[in-house]
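Scroll down for the structure; my scribbles are underneath it.
The values are calculated or read from the model by the stated rules, or taken from the named source; none is laboratory data. Bear in mind the structure is a predicted one, so any value in this text is a computation, not a measurement. Neighbour counts are summed over all protein chains in view; Cβ atoms, including those assigned to glycine, are modelled from backbone coordinates with ideal geometry. SASA here: full protein model, heavy atoms, side chains in, ligands and nucleic acids out. Shrake-Rupley method; radii C 1.70, N 1.55, O 1.52, S 1.80 Å.
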Amino acid sequence: QGQLLESGGGLVQPGGSLRLSCAASGFTFSRYAMSWYRQAPGKERELVAQITADGNTNYADSAKGRFTISRDNAKMTVSLQMNSLKLEDTAVYFCYARWGLSRHWGQGTQVTVSS
């Protein structure tokens, strides 16, 4: 069974940085497109950033210029470097893997941006 385990969330002040990591197991990681989603209280889950199996990246407008997604196929991890964090970045961040009809979600990690 495929599993994703996020880490790296926490409390940070506006303007600060956090690095989220997602460790994968139980599936052929290198085949999968990997994404980070987030869900703020009372809002729908939204895509933050995606990296394809080939390494192409895509970002939500809110993340462009501040967030960077990367992957390490050897370590089966995907990371999200978040800089210049804003209050509105507060959310639970989820790791997501997709290859065809095969999908996996992590349980999420809380990111709170507060002064």
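What the table shows:
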| quantity | calculated |
| --- | --- |
| Relative contact order (%) - the stretch 25-88, alpha-carbon pairs under 8 angstrom, separation at least six | 25 percent |
| Most mobile of Ala33, Ala74, Ala23 in a GNM of the chain (Cα contacts under 10 Å) | Ala74 |
| Efficiency of FRET between Ala23 and Lys86 - r from beta-carbon atoms, R0 30 angstrom, step 0.05 | 0.65 |
| Normalised contact order of the chain, rounded percent, pairs of Cα under 8 Å and 6 or more residues apart | 36 percent |
| Distance in nm between pseudo-label sites at Glu44 and Ser7 (7 Å out along the Cβ direction from Cα) | 3.4 nm |
| Euclidean distance between Cα centres, the stretch 11-75 to the stretch 82-115, Å | 7 Å |
| Residue with peak Gaussian network fluctuation, the chain [Cα springs, cutoff 10 Å], from Leu85, Leu47, Leu101 | Leu101 |
| Ser115 versus Ser62: modelled label distance in nm, points set 7 Å from Cα along the beta carbon direction | 2.0 nm |
| Per residue accessible area of the chain, 1.4 Å probe, in Å² | 54 Å² |
